[in-house]
């Protein structure tokens, strides 16, 4: 049996392989709530946190991976994925912005330097993703070129995309604007911080990862 | 004073992706706002962000980028066919790309009908609306 599995694997055809293990990336601009969502997923299914979160942008400055995250839906179907939390993609990084948030000059410069490297890594990792959740802050204007570039690049690579409109607990949240900006994609509104509508998010994950 | 530099599509048409991106970034680093005819490919846009990040220093803070492109869902069949043929024959010259240095451009707001470019006021650092373009 093992011999046949190896042979079929070498021929890149393996009917025994489970397609349910995917590499799932969390992408988006800084401060959209990618790490908060990563923590929510890991808390719900592994009982532990994955990343640190902060109100100051570029808290996540390196790729973080959590292997073997196994989720179940209402029908008992299972989905196993490696969760990849990525640094926020931006076109500008100014260390002076961190100074305004109370950091010392040396610390601010270091954070800016690490943040630029984080953006580069996020872009390089796009090719490795099998499925991507784009996390957008639903209180912000979604028509930014960063959002359009991220989604355009995923589309060009034929990578399935789910858009999460995060922070729906806030008054200024507007999911409809995000839906209007990206009508070709499924959009699910959640509050990763408070766990609001995360069940809908998990159901949508099964849809796009199939 | 804000300087805009127009880049017609034929100036970048025959350049490879890296040379295209570097040409645009060189102009932006001279504190000029690039108005480019047409648009970059998706991968080139990602390359532009990547190379921008590599170039960031205490003097160069990055870029603001925006692309205006005709909404194809609002075009009739004839316009779509014309656009497709034009793209095949002449390259994707539709739309316009705006790239500005982050030290000059505070933000570019874009929605389907208009683009608003806010520059940094040198005295107050309060964003000031300087340019508006309707499709």
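Quick rundown of the values:
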item	result
All positions within the stretch A:81-103 that are in contact with a helix residue (DSSP H, G or I) (Cβ under 6 Å, 6 or more places away or on another chain), in a helix (DSSP H, G or I) and in contact (Cβ under 8 Å) with a residue 12 or more places away in the chain	A:95, A:98
Among residues of the stretch B:18-48, those that are part of a helix (DSSP H, G or I) and surrounded by fewer than 15 Cβ atoms within 10 Å (Cβ to Cβ), counted	3
Given (1) touching a helix residue (DSSP H, G or I) at 6+ places or on another chain (Cβ under 9 Å); (2) more than 10 Å from chain A (Cβ to nearest Cβ); (3) modelled with pLDDT of 95 or more, index of the condition residue B:80 fails	(3)
Given (1) assigned to a helix (DSSP H, G or I); (2) touching a strand residue (DSSP E or B) at 6+ places or on another chain (Cβ under 8 Å); (3) surrounded by fewer than 17 Cβ atoms within 10 Å (Cβ to Cβ), number of the condition residue A:109 does not satisfy	(2)
Residues (closer than 19 Å to residue B:95 by Cα and not in a loop (DSSP other than H, G, I, E, B)) located in the stretch B:1-17	B:4, B:5, B:6, B:7, B:9, B:10, B:11, B:12, B:17
Complete set of residues in the stretch A:44-64 that are surrounded by 14 or more Cβ atoms within 10 Å (Cβ to Cβ) and either in contact with a strand residue (DSSP E or B) (Cβ under 7 Å, 6 or more places away or on another chain) or more than 22 Å from residue A:124 (Cα to Cα) (or both)	A:44, A:45, A:46, A:49, A:50, A:51, A:53, A:56, A:60, A:63, A:64
Matching residues, the stretch B:46-71, being under 13 Å from residue A:117 (Cα atoms), in contact (Cβ under 8 Å) with a residue 12 or more places away in the chain and more than 7 Å from chain A (Cβ to nearest Cβ)	B:51, B:55
Condition broken by residue B:33, with the remaining ones in (1) at pLDDT 90 or above; (2) on the phi < 0 side of the Ramachandran plot; (3) within 10 Å of chain A (Cβ to nearest Cβ) satisfied	(3)
Count of the stretch A:112-137 residues which are crowded, with 19+ Cβ neighbours inside 10 Å and farther than 17 Å from residue A:161 by Cα	5
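Every residue, every condition in (1) within 14 Å of chain B (Cβ to nearest Cβ); (2) within 17 Å of the chain's Cα centre (by Cα), yes or no:
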| residue | (1), (2) |
| --- | --- |
| A:86 | yes, yes |
| A:105 | yes, no |
| A:112 | yes, no |
| A:127 | yes, yes |
| A:130 | no, yes |
| A:153 | yes, yes |
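Results for (1) buried (at least 16 other Cβ atoms within 10 Å of the Cβ); (2) away from chain B (no Cβ under 12 Å), shown as yes or no for each residue.
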position	(1), (2)
A:140	yes, no
A:148	yes, no
A:165	yes, yes
A:172	no, yes
A:179	yes, yes
A:183	no, no
A:188	yes, yes
A:199	no, yes
A:205	yes, yes
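The values are calculated or read from the model by the stated rules, or taken from the named source; none is laboratory data. Quantities reported herein were computed from a predicted structural model and do not represent experimental measurements. Methodologically, a virtual Cβ is constructed for each residue, glycine included, from the backbone with ideal geometry; neighbour enumeration extends over all protein chains shown.
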